[in-house]
Amino acid sequence: MKSRSSLTRLISVGLLTASLAVGGASAQDDVTGDPNARSPQIVIVPLGDEEGEAHFVVGEMAWGDVLGLLNQLQSETGDSVIEVAQTLWSSRDLNPPFFLFELARLTAESDPEFAVQAYFLGRSRTMYDAARCLDSTALDVINEASAYAGETVVQVIASRPELTIAAIEQVIETDGAFAGQASPWWACSFGTNAYFAAVNEQTLSGDEWLMVESRWPSVRARISSNLQGNLTMMQDAVAAATAAE
């Protein structure tokens, strides 16, 4: 149901509507008084005579919305790759971190160092967003979203560990993982709870999908520890390889 290739291929440009730069209150705020209330919906797209159909959770920059925007962005990129890349980077704190993976894909060949930086910033922010979801199935969005960066970035990461070390160091030193301003709803709506709420036409209050803010510092501490652990592991591996030469 959530195949990456079919999602990107099948969402039409006009199917989902949203602004690329997100922020501010949603229309739901006025109805419930809860700024984190969400009323997800389902968009069903036929896959073909023998392939069934794909179901997308949409609404207020949900997972299906960011995929629709990605499809629109890719269809309009054309010869303006540099301009699109600059826009994605300058708006990185406003947009869901999902778009940093597209930035990594666009720049992987021309500027691999920057692409790896964008990739790990996107992945760390995605980890933070998913970790604040009450539905643990939303954690699957981390690898799903990261895969949109493409194979070239993966190859660069595998062949040039020094770029990974520098990128993780940058995230740690700047607290970049926690600087995003977009709602984690894009990641939480990947989970099954949001899907069933959409199927049943239910509104989710903030307390039903988002961890209370008083618990966010402990999440940040866990992610910081994870990043430091990965950095140490990479540094030790490079040092061992250098010593063996």
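Yes or no: ALA158 surrounded by 15 or more Cβ atoms within 10 Å (Cβ to Cβ) and either more than 26 Å from VAL57 (Cα to Cα) or in contact (Cβ under 8 Å) with a residue 40 or more places away in the chain (or both)? No, not satisfied.
Within the stretch 47-56, the residues that satisfy the criterion of being in a strand (DSSP E or B) and open to solvent by 10 Å² or more (accessible area, probe 1.4 Å) are LEU47, GLY48, GLY52, GLU53, HIS55. One residue stands out in the stretch 188-225 among those that are open to solvent by 70 Å² or more (accessible area, probe 1.4 Å) and closer than 20 Å to ARG123 by Cβ: the one that is nearest to the chain's Cα centre (by Cα), namely ARG220.
Cβ-Cβ distances below 7 Å connect no pair with a first residue in the stretch 53-78 that is free of Cβ contacts under 8 Å to residues at least 60 places away in the same chain, a second residue that is among the aromatic types (Phe, Trp, Tyr) and crowded, with 23+ Cβ neighbours inside 10 Å, and a separation of six or more residues or different chains.
For the stretch 118-141, state whether one or more residues are of a type in the set (D, E, K, R), open to solvent by 20 Å² or more (accessible area, probe 1.4 Å) and under 18 Å from GLU169 (Cα atoms). Yes - at least one qualifying residue is present in the stretch 118-141. Tell me whether the stretch 40-59 contains one or more residues that are modelled with pLDDT of 90 or more and either in contact with a His (Cβ under 8 Å, 6 or more places away or on another chain) or hydroxyl-bearing (Ser, Thr, Tyr) (or both). Within the stretch 40-59, one or more residues are modelled with pLDDT of 90 or more and either in contact with a His (Cβ under 8 Å, 6 or more places away or on another chain) or hydroxyl-bearing (Ser, Thr, Tyr) (or both).
When the criteria are applied in full, SER146 fails the requirement of being among the small types (Gly, Ala, Ser), on the phi < 0 side of the Ramachandran plot and open to solvent by 40 Å² or more (accessible area, probe 1.4 Å). Figure legend. Inter-residue proximity from the stretch 221-236: first residues at pLDDT 95 or above, second residues in a helix (DSSP H, G or I) and aromatic (Phe, Trp, Tyr), beta-carbon distance below 6 Å, spacing 6+ or different chains. Indicated pairs: ILE223/TYR128. Within the stretch 93-117, the set of residues being open to solvent by 10 Å² or more (accessible area, probe 1.4 Å) and either in a helix (DSSP H, G or I) or closer than 20 Å to LEU163 by Cα (or both) comprises ARG105, LEU106, THR107, GLU109, SER110, ASP111, PRO112, GLU113, PHE114, GLN117.
The values are calculated or read from the model by the stated rules, or taken from the named source; none is laboratory data. Quick caveat, the model's predicted, so the values are computed rather than measured. No Cβ is skipped: glycine too gets one built from the backbone with ideal geometry, and neighbour counts run over all protein chains shown. The area values use the complete protein model at the heavy-atom level, side chains included, leaving out ligands, DNA and RNA. Shrake-Rupley method; radii C 1.70, N 1.55, O 1.52, S 1.80 Å.
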